[in-house]
Structure formats: structure tokens, C-alpha cells
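The values are calculated or read from the model by the stated rules, or taken from the named source; none is laboratory data. Note that this is a predicted model, so its numbers are computed, not measured. Glycine also receives a Cβ, built like all others from the backbone with ideal geometry; neighbour counts cover every protein chain displayed. Note: areas computed on protein heavy atoms with side chains; ligands, DNA, RNA excluded. Shrake-Rupley method; radii C 1.70, N 1.55, O 1.52, S 1.80 Å.
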Amino acid sequence: MSIRAIILSGGRSNRFGGVHKPAVELGGVTVISRILGTVRTVDPLAEVWVAGPTDGLSQAETESVHAIREEPVFAGPLAGIAAACSAVRASESATGAGESADVTLVLAGDMPLITAGHLGELMAACRRAGLPATGTDDRGKTQFLCAAWPTALLLARVESIPDPVDGAVRLLFAGLEPTLVDVEPSVVADFDTAADLERIHARFDGGVRPDQP
């Protein structure tokens, strides 16, 4: 069974001067293109939803994904996840097809060093436990926006939240004990500021490479 991925790209990037972070280049490839490429490395047939602008993707890449926007725009990552899940349900209802993906990856659009190896470990842990699987960042905090979910559980959790607008993604995890997967913190590094991006450049130049073309 193939997987589904939701890539969140709808933020304002206020702390980054308003520049759309997923479209920033690292090593000549945009951040969002790197993330998409990593997902395709894990599963070439993965169904990918971009919740937010597709800026930074090539025309061919854009045509290979489904695009959706949270409502209202800039309502936060939880609203983006909810919009994608709602669109998935509507698509399946319209076609009469059953659930095509047993695991759904939820990925921030500003994490260019994510590896296919880590995503594979998250998916395997998710399938074993029947619970979301995630890792911890360089501050030791659970990285809610690099997680693998049992698809049915994610859809149910999203539906249980009355209003996702400006809500915290951790609400999806309330009452659950996600499986924690060991990961080098730099792999799940994100960036909010120019200084954060400089640190990611240093890691990239120092040999931390997403395992993709």
C-alpha cells in the first residue's frame, strides 16, 4: 500500500522577512523540492498534498501533487492539515475509492535535511505501534511536524477538533503516546530566521545530505 504525505507551506514567514521559506534554495534546489524528492524516494507513487503555495516546485513537480489552502489563509499548520484531510475525504467520497494509504506523513515545508531513511523509520514505527511516530529536535522537543500517522487515526483526530484555525498541532497528539524514533537532530532541523538557515547551510556543507538526487 502506498503512502500519503502532507507538506505544509502556508506560513507567513514573518521572522524570515516574509520570504516564502519553502522556495528558498539549498545547494541549488529549493527546500520544498528537496522535501518532495525525499518523499518520492521513499515511495515514488506517494500521494502528496501541499497545504499552501506550491512556489518552489517545478511545473512537473506541481502537476504531480495536489494543492490545497487552509481557510482562512495563514490560519496555521493545524488548519493546513485539516484542509488536506478534508480534501482527501472529499476526493475519496467522489470517486468511491477506499483508503489508498495506510500511513500519512505530516511534514513542515521548511525542513530541507529530512532523509528518506528517517521517513522510512517513522513509517515502520507507525505501522508497528498503530500510533503516530516522530522524533525530537535539537532542543529535545517532540517534532510534531515531521511525523508518520496511521491515516485513519489522523483523519479521526482532525475531525475531533472543532476549529483548527490558529490551533496548535500538538492538539492532534493529545492523549496519545507517540512512538519516538531516534534521529540526528540536524536531520529534522527547520528554520525561522536567517541565522537558522545559516546553521542548516553549515550542516549541509558539512556533509548532512538528504539521501536523494
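For the chain, which whole percent of the accessible surface, found with a 1.4 angstrom probe, sits on carbon and sulfur atoms?
Answer for the chain: carbon and sulfur cover 52 percent of the accessible area.
Report the charge-dipole magnitude of segment 26-90 in Debye, nearest 20, computed about the Cα centre from +1 at each Lys and Arg Cβ and -1 at each Asp and Glu Cβ.
Computed charge dipole of segment 26-90: roughly 100 debye.
Among residues other than Leu176 whose Cβ falls under 12 Å from its Cβ, what is the net charge (Lys/Arg +1, Asp/Glu -1)?
Net local charge, Leu176 excluded: +1.
Counting heavy atoms of the protein chains only and a 1.4 Å probe, report the per residue accessible area for the chain as a whole number of Å².
45
Any idea how far apart Ser93 and Asp205 come out in nm if each label point goes 7 Å out from Cα toward Cβ?
Between Ser93 and Asp205, the label points sit 5.1 nm apart.
Counting Lys +1, Arg +1, Asp -1, Glu -1, what net charge surrounds Lys21 among other residues with beta carbon under 9 Å of its beta carbon?
Charge balance near Lys21 sits at -3.
Go through segment 61-156 and name the trypsin sites (Lys or Arg not before Pro) that are in a DSSP coil and have 13 or fewer other Cβ atoms within 10 Å of their Cβ.
When the trypsin sites (Lys or Arg not before Pro) of segment 61-156 are filtered for loop state and at most 13 Cβ neighbours within 10 Å, Arg139, Lys141 remain.
Over segment 1-78, what is the mean sequence separation of C-alpha contacts under 8 Å (at least six apart), divided by residue count, expressed as relative contact order in percent?
This gives 39 percent for segment 1-78.
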